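The next block holds one structure in the form of structure tokens; read it before the comments.
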Amino acid sequence: MVQGLTFIHMDVFKWNKSIKKEFVKTWKEWAGKHKPLYAMPFIDDEKMHKWSIITGFELLQYQKCLDGITRKLYIWR
């Protein structure tokens, strides 16, 4: 938790259709018990955009971080 907000971090090492199907099912079950969830990725690319769609995260705001870089803050409700 950061300032009372629950952030999530994911590392993906292998991805295919069957993994995606199982992930989406498991994600919805797990995330539904922990909402709201926040994510602030350090890498902002097409893969990140696809991940946000798959998981259901929505862009909440642009947040200036302590290192001076403005990053996207996502929320899952």
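The values are calculated or read from the model by the stated rules, or taken from the named source; none is laboratory data. Since we're looking at a predicted model, the values are computed, not measured. Ideal geometry is used to build each Cβ from the backbone, glycine not excepted, and the neighbour counts take in all protein chains shown.
Residues in the range 1-22 that are in contact (Cβ under 8 Å) with a residue 12 or more places away in the chain and more than 29 Å from residue 69 (Cα to Cα): 20 alone. Out of 28, 47, one residue alone is part of a helix (DSSP H, G or I), of a type outside the set (Phe, Trp, Tyr), out of contact with any helix residue (DSSP H, G or I) (no Cβ under 8 Å at 6 or more places or on another chain) and over 16 Å from residue 11 (Cα atoms). It is 28.
Any idea which of 58, 29, 46 is loosely packed, with under 12 Cβ neighbours inside 10 Å, among the charged types (D, E, K, R), more than 18 Å from residue 3 (Cβ to Cβ) and modelled with pLDDT of 95 or more? Walk me through how you get there before you give the answer.
Details: 29 fails: modelled with pLDDT of 95 or more; 46 fails: modelled with pLDDT of 95 or more.
From the options 58, 29, 46, the qualifying one is 58.
If you go through the range 28-77 and keep only what is without any contact (Cβ under 8 Å) to a residue 12 or more places away in the chain and either at positive phi or of a type in the set (A, V, I, L, M) (or both), you end up with 43, 48, 53, 66, 68, 69.
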